[in-house]
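Here the structure comes first, spelled out in structure tokens, and everything after it is commentary.
Derivation of every value follows stated rules applied to the coordinates shown; laboratory data play no part. Everything numeric in this text was worked out from a predicted model, so none of it was measured. Reconstructed Cβ throughout: ideal geometry from the backbone, glycine too, with neighbour counts over all protein chains shown.
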Amino acid sequence: MYIAVSGTCYWCMEAVFNALNGVSNVEQGFVKSHDGKYVEAAFFAFDEKTISLEDIARVHLSTHSCTSNHSARERYPSAMYPLGGDQHAAVTNAIALAASDYDAPVITTAKPFVAFYPNPSAVQNYFWRQPDKPFCASKILPKLKVLAVTFPRLIKPSAVRYLRETILEAQYA
């Protein structure tokens, strides 16, 4: 199954979903929905036998401001974009189940998928190619640490190793 998500910068979402077991072909770029707008997004495949749609929704909500209608929400709408109309109800249900983890109302919605336009290959896999870049260290790494603490069973072994090494390095620096 394929899905696109938006809610924060595409580099952040790409790194988060690249770290998950059962997720593959992660690309960052721009998704277009029924409103005709293009917004930053991550697009990826996932194996429902390895990771559930509900887990995808929970990870997505936990790694961006899913309860905040902040000033950049137009650029970064909190949404999930199922590729088929038959998936819309399943995504809406997964968001509702994940939203039950929050005290404040979750603004994340399921939006119709129209198209995805990936960024050039030179900027794909942005975090995992250059994790020491200032943006990666200050913005993306904290999201991955939240992921590691909240969803350890979902993380790929390679990501777990990297995060352990990073956390240990920080403790002994």
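General remarks:
- For the chain, complete DSSP H runs whose alpha carbons reach 18 Å or more along their own long axis and whose mean Kyte-Doolittle score is -1.0 or higher are 85-99, 157-172.
- Sorting 25-35, 11-21 by average packing, meaning the other beta carbons within 10 Å per residue, from highest down gives 11-21, 25-35.
- Most tightly packed first, judged by the mean number of other beta-carbon atoms within 10 Å of their residues, the peptides 151-157, 107-113 read 107-113, 151-157.
- Fully extending the segment from Asn69 to Leu97 would add 8.1 nm, taking 0.36 nm per residue of separation and subtracting the current Cα-Cα distance.
- Each Lys and Arg contributes +1 and each Asp and Glu -1, all at the Cβ; summed about the Cα centre of the chain, the dipole is approximately 320 debye.
- Each peptide in 88-97, 53-62 receives the mean, over its residues, of other Cβ atoms within 10 Å, and ordering these scores from highest gives 53-62, 88-97.
- Full-stretch length increase - Ala115, Ala45 - with 0.36 nm per residue and alpha-carbon distance subtracted: 23.7 nm
- Each stretch of four or more DSSP H residues adds -39500 (n - 2.57); spread over every residue of the chain, this sum gives -11000 deg cm²/dmol at 222 nm.
- Between the amide H of Asn21 and those of Ile155, Lys156, distances stay under 5 Å, these residues lying 5 or more places away or on another chain, with hydrogens modeled in the peptide plane.
- Shape index of region 64-158: Rg/Rh, with Rg the Cα radius of gyration and Rh the Kirkwood radius from the inverse mean 1/r over Cα pairs, equals 0.99.
- Kirkwood Rh in Å, taken over all unlike Cα pairs in the chain: 16.2
- Mean separation of Cα contacts under 8 Å (6+ apart) over length of the chain, as relative contact order %: 29
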